[in-house]
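Below is one structure; the comments refer to it alone.
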Amino acid sequence: MSQEENWSLPEALQPDAGELAFDLPRALDAMVALHARIPDDAFTAGILGTERTGYGAVIHPGGLVVTIGYLITEAESIWLTTNRGDVVEGWPILYDQSTGLGLIQPLGPLDATSLDRGRAADVRVGEVVTAIGHGGREHAIRTRVLEKREFAGYWEYVLDEAIFSSPAHPQWSGAALLDRHGRLVGIGSLLVQAESDGKESHANMFVPIDLLDTLLDRLAHPSRQAEPPRPWLGMYAQEANGNLVVIGTAPNGPADEAGIQQGDLVLGVATTRVHQLAEFFRLVWRQGKAGVDIPLSIARAGDVLRITVKSADRNDFLKKPEVH
């Protein structure tokens, strides 16, 4: 669904400004529509596409925008549109793979308000919150926090505590989750299935905004030595019946080069057995920084194989924006 489509959420799901403890129109005016163009030969083009649309939230009067990082990964151009219709080019100043968040600096004046940041850690399960996108009240939804729990994504990604809410916002990428005071507490990442009131329903997964503090500190103090990049395998796996099953590998990535195949079962790292994605990824990351050899135990067609994958820095596979 593109940002240009003429759509609106059902009236019954939209927030009522008169019932909120914050200025809803002002909060809505802090949201921008985001359109990113990615080169056809980019590493992520085949998975994420070359035309990506979503949202961003302005978090500073100077126009700094936070969004979900996959929208701007390898972007050669980014355009931001405000609720007033202004269109401004943006520059991707940061994409952090460990949190999944991205930051954009507008390259011109951005006629938008900005959101105050709250703390996702203070948001309680069961709390009524508001998820907003660009386009006004019709693109905002009153929702409820279903749970706060660990999340592991097959692309070698782990959050210690993600926020899950339902009903789901239909355009979740980069949507802003606001607490009852209208403060930003999460950035929309995924549409998932979750249990609500005893039945399965669609829910959104939000990245806690608390994780942004470290990224802003890095921008404020560029001379400080950054954490070394984590080892990346380029191996996509999922949990199935207590096993970790390889569902694919990144072309020419470390796992692909080492001979890991779709359908392999990941038994462990060296002699340490693993059963869950988060457990597996954390064990890999504890082996050292990017470039370290990762000894894997793999089950294939009834045989147990010992395969060493020479890890890499995923960032080395990504196109960088060109300075004009």
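Since every read-out is calculated from the coordinates, none of them should be taken as a lab result. As the structure is a computational prediction, the values presented were derived from the model and not from experiment. FYI the Cβ positions are ideal-geometry reconstructions off the backbone, even for glycines, and counts take in every protein chain you see.
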- Note on the structure: Taking N as the number of residues in the range 52-113, the ratio of its alpha carbon radius of gyration to 2.2 N^0.38 Å works out to 1.02
- Most mobile of GLN171, GLN14, GLN262 in a GNM of the chain (Cα contacts under 10 Å): GLN262
- Message: Using Cα springs under 10 Å in a Gaussian network model of the chain, which residue among ALA250, ALA220, ALA258 shows the largest mean-square fluctuation?
- Response: ALA220
- Out of ILE38, ILE132, ILE307, any idea which swings most in a Gaussian network model of the chain, alpha carbons joined below 10 Å? ILE307
- FRET efficiency estimate (nearest 0.05) - Cβ-Cβ, ASP86 to GLU200, R0 51 angstrom: 0.80
- Message: Binning at 10 angstrom from zero up to the longest distance, how are the C-alpha pair distances of the range 235-317 distributed in percent?
- Response: 18, 58, 23, 1
- Hey, rough spin-label estimate for ALA226 and LEU191, points 7 angstrom out along Cα→Cβ, what's it come to in nanometres? 3.2
- Message: Return the Rg/Rh ratio of the range 59-156 with Cα-based radii and a Kirkwood Rh.
- Response: 0.99
- Item | For GLU147, distant residues with modelled amide H under 5 Å away | PHE164
- Message: Can you tell me the convex hull volume per residue for the range 120-214, based on C-alpha atoms, in Å³ to the nearest whole number?
- Response: 103
- Message: Quick check: convex hull over the Cα atoms of the range 11-114, volume per residue in Å³, rounded to an integer?
- Response: 127
- Quick one: if the Förster radius is 25 Å, what FRET efficiency do LYS320 and VAL292 give, using the C-beta to C-beta distance and rounding to 0.05? 0.60
- Message: Testing the spin-label approximation: label points 7 Å from Cα along Cα→Cβ at GLN261 and ARG218. State their distance in nm.
- Response: 3.8
